[in-house]
1. How large is the accessible surface per residue of the chain, computed with a 1.4 Å probe and reported in Å² as a whole number?
2. In straight Cα distance, which aspartates and glutamates are under 19 Å from Lys257, not counting same-chain residues fewer than 8 positions off?
3. Residues with amide H under 5 Å of Ala181's amide H, sequence separation 5 or more or different chain, H placed in the peptide plane at 1.01 Å from N; which?
4. Between Glu173, Glu81, Glu215, which gets the highest mean-square fluctuation from a Gaussian network model of the chain, Cα cutoff 10 Å?
5. For segment 1-120, give me the percentage of DSSP beta bridges that are antiparallel, rounded to the nearest 5 percent.
6. So what J values fall out for segment 102-115 if you push phi through Karplus, 6.51 cos²θ - 1.76 cosθ + 1.60 with θ = phi - 60°, rounded to Hz, Gly and Pro as x?
7. Averaging the inverse of every distinct alpha carbon separation and then flipping it gives the Kirkwood radius. What is it for the chain, in angstrom units?
8. Please name whichever of Ala49, Pro186, Asn262 sits farthest to the positive end of the charge dipole of the chain, dipole taken about the Cα centre and charges placed at Cβ: Lys and Arg +1, Asp and Glu -1.
Amino acid sequence: SARRSYEYIDVSEPRPGVGQITLNRPKALNALCTPLIAELNTALRSFQASPTVAAIVLTGSERAFAAGADIKEMAPLTFSEAYTTSFIESWSDLTTALKKPLIAAVSGHALGGGCELALMADIIYCTPTANFGQPEIKLGTIPGAGGSQRLTRAVGKSKAMELILTGKSFSGEEAERWGVAARLFPSYDALLEGALKTAETIAGYSKVAVQAAKEVVNKSQDLPLRDGVEYERRVFHSLFGSQDQKIGMKAFAEKKKAEWSNQ
Ligand code: CO8
């Protein structure tokens, strides 16, 4: 179950329909060691399979969302070890296996792999103290968990190039201004409350429609516009085959609240 005990994360269901994962490796500022990523994948998979969870919030502490991949773990790694064990590849499970929306609530450091982890989420919320960045260049390496691709799509080439080549970080305010983060909250408590509230709102809609909406928005990142618009239309057409489309539109006409069947 989602409530099994973990060493590096905490897992809860704080609101109806909402699962929460809190990275909890405070002594290393939530550095993302391999066992932490394994636990995160397990927790996300169990939320994906859970009938009671429809949207997920991922957060860290007030001081750190995550200060990156674990540098001490990576330091001795050789090319052949990294290559043959597909180091970091399991991080991608986060995005490919998860069909339920994931909101990253970022306070404090979100550096390197921590920034990349936030960028894997469907929505980022943050505080002014959020400190995003890809400092890998300072360690003699480059982003390895999608940062060069997702940050570039989020902020454009010139800004991404500057950030990745200098290793300079950017603030929560900048993240919000640039559209990396959807919203800025004044404090960690307000951030968490805002993220849980949004997750609860999403969890109140038809699961079929929510999953389809996430799927088509994500397609915009992979497909050329014409193909993406066509893909969207196909999925839109397919939703006329769902009960919830009938339920939602009938409820509107009758001025009632829709009671979703999730069918
Ligand atoms: N890995 C391992 N340990 C870390 C990490 C990390 N990324 N970040 C912090 N820690 C540890 C520190 O070593 C320290 O441990 P100790 O108390 O045993 O010395 C503890 O956390 C607290 O950190 P600080 O004392 O440094 O705290 P400060 O408040 O002084 O500084 C900073 C906070 C600025 C966040 C600082 O810790 C820092 O610069 N951390 C490293 C940030 C970084 O470079 N991140 C990128 C890592 S590389 C990466 O993510 C590559 C991604 C590639 C793809 C994914 C691969 C898995």
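1. Working: 14060 Å² over 263 residues.
On a per-residue basis, 53 Å².
2. Filter leaves Glu200, Asp244.
3. Glu176
4. Glu81
5. On the way: 5 of 18 bridges.
So the antiparallel bridges in segment 1-120 amount to around 30 percent.
6. So the Karplus estimates, Gly and Pro as x, are 10, 10, 8, 9, 10, 10, x, 5, 9, 10, x, x, x, 5 Hz.
7. Working: mean 1/r = 0.0518 Å⁻¹.
Evaluated over the chain, this radius sits at 19.3 Å.
8. Asn262
The values are calculated or read from the model by the stated rules, or taken from the named source; none is laboratory data. Source: prediction; values computed, not measured. Because the Cβ atoms are built from the backbone with ideal geometry, glycine has one as well, and the counts that use them run over all protein chains shown. Heads up: the accessible areas ignore ligands, DNA and RNA and are worked out on the full protein's heavy atoms, side chains in. Shrake-Rupley method; radii C 1.70, N 1.55, O 1.52, S 1.80 Å.
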